[in-house]
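The values are calculated or read from the model by the stated rules, or taken from the named source; none is laboratory data. Note that the structure is predicted; figures quoted are calculated from it, not measured. Don't worry about glycine lacking a Cβ; one is built from the backbone with ideal geometry, like all the others, and counts go over all protein chains shown. Side chains are part of the model used for accessible areas, which takes the heavy atoms of the whole protein and leaves out ligands, DNA and RNA. Shrake-Rupley method; radii C 1.70, N 1.55, O 1.52, S 1.80 Å.
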Amino acid sequence: MIIDIHGHYTTAPQGLLDWRAQQIAGLDDPHYRPSKGILDVSDDDIRQSIENNQLKAQRERQTDITIFSPWAGKMAHHIGNATTSEHWSAHCNDMIHRVCKLFPENFVGVGQLPQSPGVRPDNCRAEMERCVNELGFVGFNLNPDPTGGYWTDPPLTDRWWYPLYEKLVELDVPAMVHVAASCNPNFHGTGAHYLAADTAAFMQLLTSSLFRDFPTLKLIIPHGGGAVPYHWGRYRGIAQDMNLPPLPELLLNNVFFDTCVYHQPGISLLTEVIPVKNVLFASEMIGAVLGIDPETGHHYDDTKRYVDGVDWLSDADRHLIFEGNARRVYPRLDAQLRARGL
């Protein structure tokens with residue numbers, strides 16, 4: 001089985017986007033009264049959006065299950081206030097749930113958190129419980145920078161975030177550390193903000209005692225870990241200079257990396273530097289990079305062929321990357337698959 005742990009609903013029906021546009025427009029209307037309201041999205045709208053896109057790519061690229069979450073760039077936690085984010089996140093999560101109900105063999109849900117700049121993460125706990133206990137989700141996307149590129153909230157290792165980590169541990173689900181769109185013109189969203197956030201998050205974790213306080217907490221750093229694998233020696237040296245334990249002991253029981261790296265040398269480096277037990281297969285297909293690589297003739301985000309192309313990986317290694325690690329890091333996913341006899 002091949003499990004893709006990083007998929008976003010980037011093809012969501014227009015009805016969802018129309019609702020969001022109306023919500024944003026209302027923020028400038030003094031007579032606007034925030035309300036979740038309802039979406040004008042039919043099951044047929046959802047089927048069409050999936051069958052012609054993610055499901056088609058799954059079949060073409062021989063993947064079986066995608067861990068599916070709302071469109072990361074559209075989370076836009078910097079817009080409005082906590083109520084704005086609460087209503088928007090609930091609709092986005094409900095849409096993912098509907099996808100998973102319509103295509104239960106292909107998609108498993110991951111939730112968007114109703115974060116808002118300056119608002120303590122405690123406010124996410126109710127939606128976390130709903131997503132896991134009512135919608136059957138197996139994890140969450142955690143935005144380390146709800147401001148959209150200005151980084152005014154405390155670092156991920158500050159006790160500000162602890163109520164959220166407590167709930168992740170209680171629910172036995174991991175979080176992918178994933179920013180949303182950048183509203184800071186200094187940082188291109190997918191090319192700079194995403195990768196810089198991945199790198200910054202890793203460094204925050206390296207210099208903290210977070211995993212002493214939460215020894216079972218699991219965090220996934222996407223996009224191959226940003227600059228982390230390329231500068232692994234730097235991070236090893238920093239930890240050594242700070243008299244910290246070696247990185248495998250310090251972080252690698254709790255921190256994992258995905259394969260959303262869009263060329264063969266990048267995946268080769270990732271799997272050479274990072275232990276195989278910490279690498280989870282992912283593509284973020286129909287996401288950050290949409291085109292075909294003229295050097296290979298294949299889509300950049302067809303990442304399975306890159307993993308297949310690493311000649312030093314054994315069959316056992318590939319099993320861990322494609323399936324085994326995902327089932328270990330996402331225990332609720334494993335439970336769902338076992339219930340289906342998989």
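Here are the numbers:
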{"quantity": "Whichever residue in the stretch 308-342 is within 18 Å of P104 (Cβ to Cβ) and hydrophobic (A, V, I, L, M, F, W, C) and, among such residues, is nearest to the chain's Cα centre (by Cα)", "calculated": "A326"}
{"quantity": "Residues being open to solvent by less than 50 Å² (accessible area, probe 1.4 Å) and among the aliphatic types (A, V, I, L, M) - total across the stretch 297-324", "calculated": "4"}
{"quantity": "Matching residues in the stretch 271-289 - criterion: being touching a Ser or Thr at 6+ places or on another chain (Cβ under 9 Å) and outside any helix (DSSP H, G or I)", "calculated": "V279, L280, F281, A282, S283, E284, M285, I286, G287, A288, V289"}
{"quantity": "Qualifying positions in the stretch 156-177 - on the phi < 0 side of the Ramachandran plot and either without any contact (Cβ under 8 Å) to a residue 40 or more places away in the chain or surrounded by fewer than 17 Cβ atoms within 10 Å (Cβ to Cβ) (or both)", "calculated": "D158, R159, W160, Y162, P163, E166, V169, E170"}
{"quantity": "Extreme residue, least open to solvent (accessible area, probe 1.4 Å), among residues of the stretch 2-37 that are of a type in the set (F, W, Y) and not in a loop (DSSP other than H, G, I, E, B)", "calculated": "Y9"}
{"quantity": "So N141, is it within 16 Å of the chain's Cα centre (by Cα) and surrounded by fewer than 24 Cβ atoms within 10 Å (Cβ to Cβ)", "calculated": "yes"}
{"quantity": "Boolean, A126 is open to solvent by 20 Å² or more (accessible area, probe 1.4 Å), closer than 20 Å to H223 by Cα, in a helix (DSSP H, G or I) and of a type outside the set (S, T, N, Q)", "calculated": "no"}
{"quantity": "Checklist (1) farther than 25 Å from I67 by Cβ; (2) of a type in the set (S, T, Y); (3) open to solvent by less than 30 Å² (accessible area, probe 1.4 Å) applied to S283, failing item", "calculated": "(1)"}
{"quantity": "Hey, S268 in a loop (DSSP other than H, G, I, E, B) and either open to solvent by less than 30 Å² (accessible area, probe 1.4 Å) or among the small types (G, A, S) (or both) or not", "calculated": "no"}
{"quantity": "Any chance V228 is over 23 Å from I2 (Cβ atoms), hydrophobic (A, V, I, L, M, F, W, C), touching a helix residue (DSSP H, G or I) at 6+ places or on another chain (Cβ under 9 Å) and surrounded by 20 or more Cβ atoms within 10 Å (Cβ to Cβ)", "calculated": "yes"}
{"quantity": "Candidates F107, F68, filtered to the one that is open to solvent by less than 10 Å² (accessible area, probe 1.4 Å) and in contact with a His (Cβ under 9 Å, 6 or more places away or on another chain)", "calculated": "F68"}
{"quantity": "Selection count where residues are over 22 Å from I274 (Cα atoms), buried (at least 18 other Cβ atoms within 10 Å of the Cβ) and hydrophobic (A, V, I, L, M, F, W, C), scope the stretch 178-216", "calculated": "4"}
